[in-house]
């Protein structure tokens, strides 16, 4: 049981780190989006029809989503394992998580080491 508690605690720590980093990066992305909106508005009032390129913003937001998704997956997997070890059925865990029993079974089968390496903030 100690190992599962450590797994959950590590997953929570990872989530906190990702959320803290995401807050700062989200603020920067919001500033970037505001600049893009202003530039696009300025270009359209000057008769230029081609919008300012926002691919950097798209990449930034996509990277944020990816890191959040990976950290959330790790936490969900660790929590599912802990609950299962405490004796909860896959059906009950699925009910708690709002997913199918099959999804919980998949979470319980997945190798955790792959997710741990990928979810660390860069």
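Remark: pairs (first residue in region 3-24, outside any helix (DSSP H, G or I); second residue surrounded by 15 or more Cβ atoms within 10 Å (Cβ to Cβ); Cβ separation under 9 Å; 6+ apart in sequence or on different chains) are absent.
Would you confirm whether or not region 95-107 contains a residue that is buried (at least 17 other Cβ atoms within 10 Å of the Cβ) and at pLDDT 85 or above? Looking through region 95-107, at least one residue is buried (at least 17 other Cβ atoms within 10 Å of the Cβ) and at pLDDT 85 or above.
The values are calculated or read from the model by the stated rules, or taken from the named source; none is laboratory data. Quick caveat: nothing in here was measured; it's all calculated off a predicted structure. Note that each Cβ is placed from the backbone with ideal geometry, even for glycine, and that neighbours are counted across all protein chains shown.
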